[in-house]
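For reference, the structure is listed below as structure tokens.
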Amino acid sequence: MMASLIEETVQETESVAFMNLALEQAKLALDSLEVPVGCVIIQDQKVISSGRNRTTETRNATRHAEMEAIDVLLQQWQKIGVTTEEVALRFSTCILYVTCEPCIMCASALSIIGIKEVYYGCANDKFGGCGSVLSLHTKSSGKLTSDGISKKDFNCTGGIMAAEAINLLRSFYEQGNPNAPKPHRTPMPQI
């Protein structure tokens with residue numbers, strides 16, 4: 001019983017350390033006037049990739065933190081000649097720490113690449129793909145997409161340093177999103 005308690009404490013300490021690194025990426029996004037979401041990908045207790053939201057900077061709505069980190073890894077692995085089969089095997093040993101629950105697009109991508117596990121900070125009540133809106137991390141083993149791509153389940157745990165993640169998001173939205181489209185109509189007067 002004592003050994004499992006110690007192991008749990010070590011795992012919690014590691015989770016906090018890795019989530020702090022993800023929060024640093026989110027702060028870089030905030031400094032760039034992006035929605036402050038950041039992530040790191042871990043393999044064998046080491047950070048092997050990181051990402052932050054870059055949708056405004058790149059003018060590409062798919063450049064979420066998770067997609068950025070995945071693309072960095074794929075480029076690194078391609079340079080050293082890792083085969084498609086080896087890529088799948090490597091992702092199956094990786095853990096993702098992200099400040100906000102992966103959206104439906106990112107959760108689906110994580111299922112397709114076969115990530116082992118995801119830890120996230122705060123829930124994503126509007127677009128969450130790991131339980132808030134859809135549960136794309138479960139019940140997919142052996143299922144194929146319409147393109148014949150295999151999807152895999154992955155473990156998902158939320159609430160790691162959620163308050164810190166929420167505070168970053170709150171500071172972004174309180175300052176107003178300078179990149180948000182301007183409304184086409186004048187707002188209705190409050191009654």
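For region 25-151, the Cβ-based charge dipole about the Cα centre amounts to some 80 debye (Lys, Arg positive; Asp, Glu negative; other atoms uncharged). By the rule of a C-alpha distance below 14 Å, with chain neighbours fewer than 8 residues away ignored, the aspartates and glutamates paired with residue 79 are 71. Overall, the accessible surface of region 28-67 at a probe of 1.4 angstrom is composed of carbon and sulfur to the extent of 48 percent.
Accessible area per residue for region 15-131 is 45 Å², calculated with a 1.4 Å probe on protein heavy atoms, without ligands, DNA or RNA.
Got a sec to turn the phi values of region 61-69 into Karplus ³J(HN,Hα) couplings, 6.51 cos²θ - 1.76 cosθ + 1.60 with θ = phi - 60°, whole Hz, x for Gly and Pro? Values, residue by residue: 5, 8, 8, 6, 3, 4, 5, 4, 5 Hz.
Within the shell defined by Cβ-Cβ distances under 12 Å, the residues around residue 38 carry a net charge of -3, with Lys and Arg each +1 and Asp and Glu each -1. Residue 115 sits among other residues whose Cβ lies under 13 Å from its own Cβ, and their net charge, with Lys and Arg +1 and Asp and Glu -1, is +1. Note on region 35-164: the alpha carbon radius of gyration divided by the globular reference 2.2 N^0.38 Å gives 1.00.
The values are calculated or read from the model by the stated rules, or taken from the named source; none is laboratory data. Please read these numbers as outputs of a predicted model, since none were measured by experiment. No Cβ is skipped: glycine too gets one built from the backbone with ideal geometry, and neighbour counts run over all protein chains shown. These area figures cover heavy atoms from the full protein model, side chains too; ligands, DNA and RNA do not enter into them. Shrake-Rupley method; radii C 1.70, N 1.55, O 1.52, S 1.80 Å.
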